[in-house]
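Report on the structure given below.
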Amino acid sequence: MTSLLPSSSLERYNARRFSNASFVLRFSATVVALFALACVGSATPIKHNYDLKNVLWKLSLSMAKGSIAGDVTNTVVLAENSPTIQLHCSELHVSKVTVNGVNAAFNTDDDKLTVTLPKPGVAGQTLNVRAIYTGSPVNGFYFVPASRAYPAKTGMVYTQGQGEDNHYWLPTYDYPDDKATSECYVTVPKTWTAISNGKLIGVSSSGDSKVFHWKMDQPYSTYLISLVAGEYVQGKDSWHGIPVDFYVPPGLMAQGKASFGDTPKMIDLYSKITGVDYPYAKFAQEVVADFMYGGMENVTCVTQTIRTLHGTGTEPVNDSTYLVAHELAHHWFGDLITCRTWEHSWLNEGFATTLPVFYNRSIRGKDAFDMDRYKNFEGAIDSIGSRGRKDVGSEIGTAPTVTIGSAYDGGCSRILMLMHRLGEPVFWKGIHAFLETYKFKPVTTDEFLEVMSKSSGTDLKPFMGQWFHTAATPSLTATVSDGNLVIDQLRPYYNLDLPVWVLDGQTWVKKSIHIEGAESKLRLGDLAAKPLLIDPEVWTPMELHYAMPMTEHDVYELYRHAPNVAQKARIVSGMFDAISTQQRIAIGHGETNFALLNLIANRVGQDGESFLLELTRNPDARIVNSAVVALGHLTQGESSVARLKQIANGHPNEAVREHATQALLNGTKDSDLAQHAWSLKAFDDGYRVMAIEWWGAHAPDAAREKCLAILKNPDSEPLRVAAIRVLGQLKEKADGQAVYQALIKVAQETSYAARGAAINALAQLGNKGAIPILKRFITHAPGGIRGAAANAVSQLEKA
């Protein structure tokens, strides 16, 4: 699963894309919280006294009513003698249950389906538990009408099971620790296509309907059971005879090819480096509108957000490489093997964040690999809350559960460190052994490291204790005193052996230091006055402060001689504050790597305006884009305004043009520019979004009327969501209720993005009349909506 963050208006466009400039997605504490909400069990604990073997489900739906009619048979083998069977089931009307064809008594109390067996069951007995049901799902199953499907012009439905939401539309066992095969029959209108797990067995027609029959022969966790249906066109490719397809709404085939065309290359690389060929009958990707995440790794049929679609006119600033590579990687890590409980979700998300780093290396080289590692390390520090921290009282290895911050970059960081420690060939040998040992099974962190220890012949328990069961990443401060390098460490105290490279003229003198306890020392002698780097190749995620004096020349030389782009990035983030803008610009003038120039562009400030203008003339659109975004944060002089206008009106890359327009809007009070933006068209409707946001900040009365008009007759979901956000920032007219009434109506929809925005806006608006309505969403709603509603109620109650 890939999460998406809300962003500022200036960053909004890139946030909806997965660009080369941010190939490894950054996950702040907000994203970690969103992931936690998705994975916190919404399913009520039940008595799991059986092994789930197969889930056979049949479904028909009514788009107009937002309802479903289902028929599911769960085949289980009892693990013990029992008079009852329990399945997860929430907010559905079950009309009939049979067990092996015999009617059975049942109830659906407490969000579970409890079935009294016609005869007490015995251990080892196979039971086919069939339930017939109907409902209008409040979670897990989503109807997206054409009006909310922008840029598609047709409606669709989709399911989203992770964390434990499939039981809101499908009575079954809904925890990740039991795997089963599946089969389904889905009835849809005759113009629709229905895509689900496994192999397409057949399609039959009857009147105005079609029935799609899919079958999945390999066992997998039930949160990965998926359905996407609507009017789709199919793009076809293959890998070694296995279908590799994508499905997009009509009119979006070109964008689909741009987004998903490289998928077979990714499958090929992952199969080679893991030593395990792609193990399923097909790989399909379907785009859906109003999706709550970037993507979801439903086995053999990945659900992708429609927001990843982009035209070739926005590349290379925008591409879908990371999203596709991430969800595909889950088919080895997350689908083939699955975390037994969400505590171990880094096994899913960490590896799905890591494999794209190796794909990036294969197509873009070592510099891209090193930058990806740096970004993941920085994200790991942030997500575990180690940035700028004080002492943490716990000892190394004492955290009772896996404690690595974000399952994404936190997990990836540990994986890359492990690879570096073992060596890449030994690492991949262990990964192959791990996949072969636990394929089609649930796993834990201990089981993973046991396999890696055995395969490599290395005791990894100390590594596990430090990096998986410690409440913070290392925090080190380096000084030089009396000819020694002195490292002060905050608690908890890691034991680390770190390389230290001292720059003596044009040559690195390579040493190492053992870090242990509060203070560690390395004798430097005559080298004590020379500039140095700790962990120069960047293989340890840690907060590192250089507290010794360094001249601008020292920093310049360290940057120039740094062994890789990861260290150069660390110098930009850790040492640039100590040098002048002119020295930063001097470093920038010698740099050609777009990712590093992006970091430098954001560190030159107002005095670097002329340097940024130079970058806007670079032939690489990604560098131009970085400069444009940075200029948008500055007070723009006449030269900048003129150049931004030139870019906004004439740059060949659509994404750069949009960002230039946004940068201009950031620096103006001229409504003519907002009106001009309102008249422009973009694939993502970004121009009108930025215009309505500008009016909200500079012309609130006019913005209020415009936003209310948009909500009455929306023609674009991105614009509608933006209008909702803006309304939350505005007050009602005196004695008015128009804004409240418009927002409360949206808050009660079944939409996701608009509904979430409306709930947040109601919290900002401050009308306590929303409290009883919002409270209803705290129990049974998608994770993000539950969290937004709980936060809004708390905020309104305190107001």
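Would you please give the residues with an amide H less than 5 Å from that of PHE106, counting only those at least 5 places away or on a separate chain, with H modeled from the backbone geometry?
The answer is THR116.
Applying the Karplus parametrisation 6.51 cos²θ - 1.76 cosθ + 1.60 with θ = phi - 60° to the phi angles of the stretch 272-280, what ³J(HN,Hα) value in whole Hz is obtained for each residue in order, glycine and proline being reported as x?
Couplings: 6, 6, 7, x, 10, 4, 3, x, 10 Hz.
Around ILE515, what is the net charge, scoring Lys/Arg as +1 and Asp/Glu as -1 over all other residues with Cβ under 11 Å from its Cβ?
Cβ neighbours under 11 Å give a net charge of -4.
How much of the calculated P(r) for the stretch 397-541 lies past 26 Å, in percent of all Cα pairs? If you can, show how the numbers build up before the last one.
Details: 3699 of 10440 pairs.
Considering the stretch 397-541, 35 percent of its Cα-Cα pairs are separated by more than 26 Å.
Explain nothing, just the number: dipole magnitude of the stretch 627-786 about its Cα centre with +1 on each Lys and Arg Cβ and -1 on each Asp and Glu Cβ, in debye rounded to the nearest 20.
Charge dipole of the stretch 627-786: 580 debye, to the nearest 20.
Find the centroid of the Cα atoms in the stretch 264-302 and in the stretch 731-797, then give the distance between the two in whole Å.
36 Å
Once the dipole of the chain is set up with Lys and Arg at +1 and Asp and Glu at -1 on Cβ about the Cα centre, which of ALA325, VAL721, GLN795 lies farthest towards its positive end?
Among ALA325, VAL721, GLN795, the one farthest towards the positive end of the dipole of the chain is VAL721.
Taking the Cα centroid of the stretch 467-494 and of the stretch 522-578, what is the distance between the two, rounded to the nearest whole Å?
Using only Cα atoms, the two centres lie 16 Å from each other.
Run through the stretch 46-79 and list the trypsin sites (Lys or Arg not before Pro) located in a DSSP loop whose Cβ has at most 16 other Cβ atoms within 10 Å. Please report the intermediate quantities before stating the final value.
Details: sites: LYS47, LYS53, LYS58, LYS65; in loops: LYS47, LYS65.
Hits after loop and neighbour filter: LYS47, LYS65.
If you average 1/r across every pair of different Cα atoms in the stretch 165-281 and take the reciprocal, what Kirkwood value do you get, in Å?
Working: mean 1/r = 0.0622 Å⁻¹.
One over the average 1/r among Cα pairs gives 16.1 Å for the stretch 165-281.
Over the chain, what relative contact order in percent results from Cα pairs under 8 Å that are six or more residues apart?
This gives 10 percent for the chain.
If packing is taken as the average number of other Cβ atoms within 10 Å across a peptide's residues, how do 609-617, 715-723, 585-593 rank, most packed first?
Put in order of decreasing packing, that is 715-723, 609-617, 585-593.
If you add up the charges near SER147, with Lys and Arg at +1 and Asp and Glu at -1, over every other residue whose beta carbon is less than 15 angstrom from its beta carbon, what do you get?
Summing Lys/Arg as +1 and Asp/Glu as -1 gives 0.
Would you work out which of ASN376, ALA289, SER62 lies farthest towards the positive end of the dipole of the chain? Charges go on Cβ: Lys and Arg +1, Asp and Glu -1.
Of the options given, the answer is SER62.
Once Rh for the stretch 491-533 is found with the Kirkwood sum over Cα pairs, what is the Stokes-Einstein diffusion coefficient at 20 °C and 1.002 mPa s, in µm²/s? Walk me through the numbers before you get to the answer.
Numbers: Rh = 11.3 Å.
It diffuses with D of about 189 µm²/s by this estimate.
Over 41 Å, how big is the tail of the calculated P(r) for the chain, in percent of all Cα pairs?
37 percent
Counting pairwise Cα distances across the stretch 638-782, what percent come out greater than 18 angstrom? Intermediate results must be reported in sequence, preceding the final value.
On the way: 6057 of 10440 pairs.
The proportion of pairs with Cα distances above 18 Å equals 58 percent.
Hey, can you grab everything whose amide H is under 5 Å from the amide H of THR470? Only 5+ residues off in sequence or another chain; H modelled, so Pro and N-termini drop out.
Residues meeting the criterion, in which the H sits 1.01 Å from N, are GLY397, ALA399, THR403.
Evaluate the charge dipole of the stretch 155-299 about its Cα centre and quote only its size in Debye, nearest 20, assuming +1 on the Cβ of each Lys and Arg and -1 on the Cβ of each Asp and Glu.
520 debye
Need the C-alpha centroid separation for the stretch 635-669 versus the stretch 303-344, integer Å.
32 Å
Counting only protein heavy atoms and using a 1.4 Å probe, what share of the accessible area of the chain belongs to carbon plus sulfur, as a whole percent?
Answer for the chain is 50 percent, counting heavy atoms of protein chains only.
A 20 angstrom limit on the alpha carbon distance is what I want to check against. Which of LYS706/LYS731; LYS282/LYS366; LYS47/LYS119; LYS530/LYS568; LYS390/LYS511 exceed it?
Beyond 20 Å: LYS282/LYS366; LYS390/LYS511.
Specify which residue in the list TYR185, PRO45, THR473 is farthest towards the positive end of the charge dipole of the chain, using unit charges on the beta carbon of Lys, Arg (+1) and Asp, Glu (-1), about the Cα centre.
About the Cα centre, the residue reaching furthest to the positive side is TYR185.
LYS190: which aspartates and glutamates have alpha carbons under 18 Å from its alpha carbon, excluding same-chain residues fewer than 8 sequence positions away?
Partners found: ASP208, GLU231.
Treating cross-link reach as a plain straight distance, find the lysines whose alpha-carbon is under 19 Å from the alpha-carbon of LYS645, omitting any fewer than eight places away in the same chain.
Filter leaves LYS669, LYS681.
Starting from the amide H of SER406, placed 1.01 Å from N in the peptide plane, find each other amide H under 5 Å away whose residue is 5 or more places distant or on another chain.
Distant-sequence amide H within range of SER406: SER383, ILE384.
Where in the stretch 367-386 is the amide nitrogen less than 20 Å from a point lying 7 Å along the Cα-to-Cβ axis of GLU537?
The answer is 367-378.
Any idea how far apart LYS731 and GLN125 come out in nm if each label point goes 7 Å out from Cα toward Cβ?
Here the modelled spin labels are 7.0 nm apart.
Based on C-alpha coordinates, I'd like the Rg and Dmax of the stretch 544-695, in Å.
17.2, 55
Computed FRET efficiency, Cβ-Cβ of LYS153 and LEU708, R0 35 Å: what is it to the nearest 0.05?
FRET efficiency, LYS153 to LEU708: 0.90.
Enter the accessible area per residue of the stretch 650-761 (Å², integer; probe 1.4 Å; all protein chains in place). Can you show the working numbers first?
Working: 4660 Å² over 112 residues.
Ligands and nucleic acids excluded, the result is 42 Å² per residue.
Treat every Asp and Glu Cβ in the stretch 293-402 as -1 and every Lys and Arg Cβ as +1, leave all other atoms uncharged, and give the resulting dipole magnitude about the Cα centre to the nearest 20 debye.
140 debye
The values are calculated or read from the model by the stated rules, or taken from the named source; none is laboratory data. Everything numeric here is computed off the predicted structure, so don't read it as measured data. Positions of Cβ are generated from backbone atoms using ideal geometry, with glycine treated the same way; all protein chains shown enter the neighbour counts. Remember, those area values only see protein heavy atoms, side chains included, never the ligands or the DNA or RNA. Shrake-Rupley method; radii C 1.70, N 1.55, O 1.52, S 1.80 Å.
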